[in-house]
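Student: Provided herewith is a single structure, encoded as structure tokens, for subsequent inquiry.
No value in this document is a laboratory result; all are computed from the given coordinates. In this text the structure is predicted, and so the values were computed from the model without any measurement. For neighbour counting, all protein chains shown are included, and Cβ atoms are generated from backbone atoms with ideal geometry for every residue, glycine included.
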Amino acid sequence: MSRPSTGPRGSAAVRIRGLEKRYGGVRAVDGLNLDVHAGEVHGFLGPNGAGKTTTMRILLGLSKATRGEVRVLGRDPWDDAVSLHRRMTTVSGDAALWPGLTGGETIDLLTSLRGGRTDSRAVRTRRAALLEEFALDPTKRVRTYSRGNRQKVLLVAALLLPAELALFDEPTTGLDPLMQEVFARPVRAMHDSGVTVLLSSHVLSEAQALCTAVSIVRAGRVVETGSMAELRQLTRTTVSFDAVGSIGDVRATLPEARDLSVTGTRFSCSVANADVVAVLPRIAALDVAGLVIAPPSLEELFLHRYETTAVAGGTPGRSS
């Protein structure tokens, strides 16, 4: 199978400006701006109801924007949906399948719809490998599958052919942790080969393991975007250690510390990322043991940003 032409890394594979989508009086997407650069795995993060799935449907040409500019691989997804779908692959967490078909028949049908030749040796070899990796029996009818197995059908079909862009909307819905890791391997391979991936999820551990950049969406708007390193600058680093002395002694030595607490001899606090290097010599002067310095996780970044926008007067989204 030939490798897809993905364009130069860094160019915009997805570009959204001022996107709005209304359903009657409900505004599901409200002035959303998003750039997904070629070759990155971009996490599109937010709780259910934040507007992620609505945005994904617009990117796929399944729903028309009320207002705004949307470009996918340089084209309008509403006007050029057919040609774009030959260059893209997608997985949805809530897609319906044909209950009377077998899993294998469904995979072959979805492959044909993307322009793939199901009798190709390369396709058959890749298909067999994916079926084995996902532990999926393709001879059973879809109606007999669990939710997780139906999701495996979609994943095998989505990963079978090369693509320039992958749009994954809650792709691991219904999968156990082992199968989530099976899915992660081809996503990493996509990134290595220059394929662009937009991964919509509310599973923060999944996004943290896979994504090179993330955008946090709230109430139909992106409220923060950047690389993990850039987003970590928005919050604080956790520091903990064992030391002999009072909490007053530690506070006097580390005036930069916030949320300082002690349990037995174990002290914990948070420090602004810019101050971490400066406080290390003073922490060492306390004759500490068991020093742990932990940068904020994606979950902490997410919660911090949501709390910030809530205080600023943001309101939760009402449609996904």
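Student: To the nearest 10 degrees, how steeply does helix 121-133 sit against the main Cα axis of the chain, on a 0 to 90 scale?
Tutor: Helix 121-133 sits at roughly 50 degrees to that axis.
Student: Calculate how steeply helix 147-160 sits against the longest principal axis of the alpha-carbon atoms of the chain, using the helix alpha-carbon long axis, and give the answer as 0 to 90 degrees to the nearest 10.
Tutor: Here the helix axis deviates by roughly 80 degrees.
Student: Relative to the longest principal axis of the chain, what angle (0 to 90°, nearest 10) does the C-alpha long axis of helix 103-113 take?
Tutor: Computed tilt is about 80 degrees.
Student: On the first, second and third principal axes, largest extent first, how far apart are the outermost C-alpha atoms of the chain in Å?
Tutor: Over the chain, Cα extents along the principal axes are 72, 45, 39 Å.
Student: When the Debye formula is applied to the Cα atoms of region 236-295, each taken as the same point scatterer, what base-10 log of I(q)/I(0) results at q = 0.27, 0.29 Å⁻¹?
Tutor: Cα-only, vacuum Debye calculation for region 236-295: -1.28, -1.52.
Student: Decide, for region 112-191, between rounded, prolate and oblate: order the square roots of the alpha carbon gyration tensor eigenvalues as a ≥ b ≥ c, take rounded if a/c falls under 1.5, and otherwise choose prolate if a/b is larger than b/c, else oblate. Could the numbers behind the result be given before it?
Tutor: Values: a/c = 1.59, a/b = 1.13, b/c = 1.41.
In terms of gyration-tensor shape, oblate.
Student: Using DSSP to define loop residues, name the trypsin sites (Lys or Arg not before Pro) in region 36-68 whose beta-carbon has at most 12 other beta-carbon atoms within 10 Å. It would help to have the intermediate numbers written out before the result.
Tutor: Numbers: sites: K52, R57, K64, R67; in loops: K64.
Filter output for region 36-68: K64.
Student: Excluding same-chain residues fewer than 8 positions from K64, which lysines have a Cα within less than 25 Å of its Cα?
Tutor: K21, K52
Student: Where does region 174-299 land on Rg(C-alpha)/(2.2 N^0.38 Å)? Let's see the in-between values first.
Tutor: Numbers: Rg = 19.0 Å, N = 126, 2.2 N^0.38 = 13.8 Å.
Normalised by 2.2 N^0.38 Å, the Cα Rg of region 174-299 equals 1.38.
Student: Would you list which lysines come within 24 Å of K140, measuring only between C-alpha atoms, while excluding same-chain residues fewer than 8 positions from it?
Tutor: Reachable lysines: K152.
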